[in-house]
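One structure below.
We did not get these values from a lab; they are worked out from the coordinates using the rules stated. No experiment lies behind these values; they were computed from the predicted model shown. Cβ placement follows ideal geometry from the backbone for every residue including glycine, while neighbour counts extend to all protein chains displayed.
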Amino acid sequence: MDLAPALEHTQFSPSALEAARFPSLATTKTAIESVFAAGALRIHKRSAGFDDRDVAAAIDIVERAEGWVDDGSLKYLVLDFDHASRPVHGPQPRPAPIKGANFAVLLHAYANLVVRVPVISVAVARTRIAGSDLEMALSSNVIFAEEDASFVLPRRGHGDGNVFSFLDSKLGPKFGPGAFDGGVTLTAHQMRELRLVRDVFPPGEVAPGVDKWMAQTVRRHNAAYLVYRAQRVVAPVRWSEVTEIAGT
């Protein structure tokens, strides 16, 4: 069952969505699965990249999330990259995860969600993060990672998408725009040293770790939200820049 049709026939309120699951695809993979519980809407990514159907489903979730904040129940949108990392045999590089035609629409809506509504976006990295997955992770307000996660940074100007616009704004004057050229794969701990990842957890412990962080943060949610919102206002993700970089 596709996610979008399922959502179309569901009455939306936090109570109705509590612990509800909507598998997105009826094919051999489940790319996106949403779960609403404990004030967080979780999107589990079961495969790398965002193809056209994934993009459409994710845009639908982001748009509808804006309607679930009226009573204050929705406070977090969690993007959990839970796809398996397959080994590559031989010297051939892994292909970049697929990117759907309307990916720029999704990226712009997701990155600026915190400006429109009091919802904090959280990325959870469990595996190899590259391409469109990396763009979405870096556009999140906060990133958590497992020790086994890795972040594949392309070389600047070589199909990097919006990766370096996010890196330049997050790394700030310490590195300076254009100082970090990529072309490397960073570990979760290296990303934490750069303050791009908040916390690193042993394998299997990132989910409860994120739950604990949200439970602690929810007590001062307004203050935390305003901090993340201010960061996005200072470093906005403009539609003109996203579409220019994406070539759309």
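Miscellaneous remarks
- Peptides 230-238, 53-61 ordered by average Cβ neighbours within 10 Å, highest first: 53-61, 230-238
- Note on R155 and L226: with the Förster distance fixed at 41 Å, the Cβ-Cβ geometry gives a FRET efficiency of about 0.70.
- In this Cβ point-charge picture (+1 for Lys and Arg, -1 for Asp and Glu), segment 199-248 has a dipole of about 320 debye about its Cα centre.
- Computed from the C-beta positions of R238 and D199 and an R0 of 30 Å, the FRET efficiency is 0.50 to the nearest 0.05.
- Peptides 149-156, 199-206 ordered by average Cβ neighbours within 10 Å, highest first: 149-156, 199-206
- Per-residue extension of 0.36 nm, minus the Cα-Cα distance of Q216 and S73, leaves a gain of 49.9 nm for this segment.
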